[in-house]
Structure formats: C-alpha cells, structure tokens
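Visitor: I'd like to ask you about the structure that follows.
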Amino acid sequence: MNDLTSIVGAVTRISYLIMAALFLGWAVYPEFRPEFAGGILGMTAGLFNFRFLSLKVRQVAQMAVDNHDKRLSFGFITRLCIGVLIAAVAIKLEQVSLGAAVAGLFIPQMLTIPVSIVFSLRNNQ
Amino acid sequence: MEYLAAAIAVGLGALGAGLGNGMIVSRTVESIARQPEARGQLQTTMFIGVGIVEVIPLAATVIAFLIMFS
C-alpha cells in the first residue's frame, strides 16, 4: 500500500467519523438540525471531490510513467460544479444551512494536511 | 455590480489555481519521468499540493455564487 492510498483511506475514515457525529447531532439537537444537515451534505460532496481528485492524480502519475501523450485534466470543472450544486441546494432548502454546507465541502481536503503530517512523522520514525 | 464582483472573484481564483496547479503538475510529472521509482512519494506530494491549491478557487466560486444570489 503506498502513501496516497493510506492518506485517502485515513481521511475517508475520519470523514465518516465526523459525518456519524453530525448524524448523531442531527438526531439529538433538533434546534440545530439545519447546521448538521448542511455539514452532512457538504462533507458528502467534499469526500466525493477528494476521492475524485485522488483518482485523477493516480491517472496523471500513471500517464507520466507510461509516457503517454494523451490529454488528461484534474477534473476541476466537475468538482467546481459539485461545489456550486451543493451551494444551490443549500440556498434552495431551508432545512440546510448554507454556511455549514460550504464549510463541510472543504473539511476532507483540509484533513489531508494533518493526516499527511502524521503519516510523514510515522514514516520518519 | 454584484455580477462583476462575482466574475472577478471566480476569474482571479481560477487564474491563481491554474498557475499553481500547472507548476505543481509539470514539475511532478517531470520528476516522475526522471525517477519512476519515486512515483509513490511524488504523487502523494502532488495530491496534497493540488488539494490545498484547489480549495481556494472552490471557495472563491462558492463565495461569488453567494454574492450573486444574496
């Protein structure tokens, strides 16, 4: 298992844990349901974006190794459209908080930084 | 005026991200082509770099979207 697979797996697990906590909060605190629903929605899209980016990075690395000269993008427009779609859903639905949805969208990518630091420290030991 | 502000935010965000991503990917692909055995470490570094760089234009786009519709 290489580092990228480990980092993606670890971030996915942590994201699932956070989403489980958000579901629990949604069930326990009815007055904050829009915030929890926004967080869940945003994190779902953020996790999809994160895994899609890892797939694209693998493809680019494979292309560099194989010396293929075909065109390959990072799928930025796809991920951008998912972000805008989530923002549009959050604006449209009163049951979903927009701020929480936008924050949730970036959590998996932000989790990459501490997770990769932990992995590099572990590898150095 | 809101539309102009939104367009400037998206455009500048996309420009910065495009430049940053281009630099990261070109250097990494060049390094992988030189040293294919270091592919694992290089693709991990590329992934972290691209992920962090792309958060900013995504945020810019969503904020621009909010400016337009608020």
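Visitor: Averaged over A:37-44, how many beta carbons belonging to a partner chain fall within 10 Å of each residue's beta carbon? List each step's numbers first, then the result.
Guide: Details: counts 0, 0, 0, 0, 0, 0, 0, 0.
Whole-number average of other-chain Cβ neighbours for A:37-44 is 0.
Visitor: Let me ask you something else. Let me know the mean shielding of B:48-56 by other chains, meaning the per-residue number of their Cβ atoms within 10 Å of its Cβ. Could the numbers behind the result be given before it?
Guide: Details: counts 11, 2, 8, 15, 4, 0, 8, 7, 1.
That average works out to 6.
Visitor: Grab the beta carbon distance between B:Glu2 and A:Gln125, set R0 = 41 Å, and tell me the FRET efficiency rounded to 0.05. Working shown, then result.
Guide: Working: r = 52 Å, r/R0 = 1.28.
So, using R0 = 41 Å, E works out to roughly 0.20.
Visitor: Could I ask something else about it? Using only DSSP helix segments of four residues or longer, with each worth -39500 (n - 2.57), what per-residue ellipticity at 222 nm results for chain A after dividing by its residue count and rounding to 500? Can you show the working numbers first?
Guide: On the way: 4 runs with 104 residues, N = 125.
Helices in chain A give a 222 nm mean residue ellipticity of -29500 deg cm²/dmol.
Visitor: Same structure, new question: Sorted from largest down, what three extents in whole angstroms do the Cα atoms of the protein assembly as shown have along their principal axes?
Guide: Its Cα atoms span 55, 44, 25 Å along the three principal axes.
Visitor: I've got another one for you. First measure r as the distance between the Cβ atoms of B:Leu66 and A:Val65, then evaluate 1/(1 + (r/R0)^6) with R0 = 41 Å and state the FRET efficiency to the nearest 0.05. Before the final figure, lay out the partial values.
Guide: Details: r = 41 Å, r/R0 = 1.01.
The value I calculate is 0.50.
Visitor: So for chain B, what percent of the C-alpha to C-alpha distances run longer than 18 Å? Display every interim value, and only then the final one.
Guide: Numbers: 1166 of 2415 pairs.
When all Cα pairs of chain B are counted, 48 percent exceed 18 Å.
Visitor: Summarise the long-distance tail of P(r) for region A:70-124 by giving the % of C-alpha pairs beyond 18 Å. Let's see the in-between values first.
Guide: On the way: 793 of 1485 pairs.
Within region A:70-124, distances greater than 18 Å cover 53 percent of Cα pairs.
Visitor: Can you grab the distance from the C-alpha centre of region B:27-43 to the C-alpha centre of region A:84-125, Å, no decimals?
Guide: 28
Visitor: So for the pair A:Leu72, B:Ser26, with labels modelled 7 Å out along Cα→Cβ, what separation do we get in nm?
Guide: Modelled inter-label distance: 1.9 nm.
Visitor: If you count, for every residue in A:58-65, the Cβ atoms of partner chains within 10 Å of its Cβ, what is the mean?
Guide: Values: counts 3, 0, 8, 11, 3, 2, 13, 7.
Neighbouring Cβ atoms belonging to other protein chains average 6 per residue here.
Visitor: Using unit Cβ charges (K, R positive; D, E negative) and no other charged atoms, how large, in debye to the nearest 20, is the dipole of the protein assembly as shown about its Cα centre? Spell out each step's value before the answer.
Guide: Numbers: 13 positive and 10 negative charges, 83 e Å.
Result for the protein assembly as shown is approximately 400 debye, rounded to the nearest 20.
Visitor: Any idea what the alpha-carbon Rg over 2.2 N^0.38 Å comes to for region A:1-65? Mind dumping the intermediate values first?
Guide: On the way: Rg = 15.4 Å, N = 65, 2.2 N^0.38 = 10.7 Å.
Here the answer is 1.44, to two decimals.
Visitor: Three principal axis extents, largest first, for the C-alpha atoms of region B:31-70, in Å?
Guide: Taking the Cα atoms of region B:31-70, the three principal extents are 51, 13, 8 Å.
Rule-based calculations on the coordinates, nothing more; no lab input. What you see is a predicted model; the values in this text were computed from it and never measured. With ideal geometry, Cβ positions are generated from the backbone for all residues, glycine too; neighbour counts draw on all protein chains shown.
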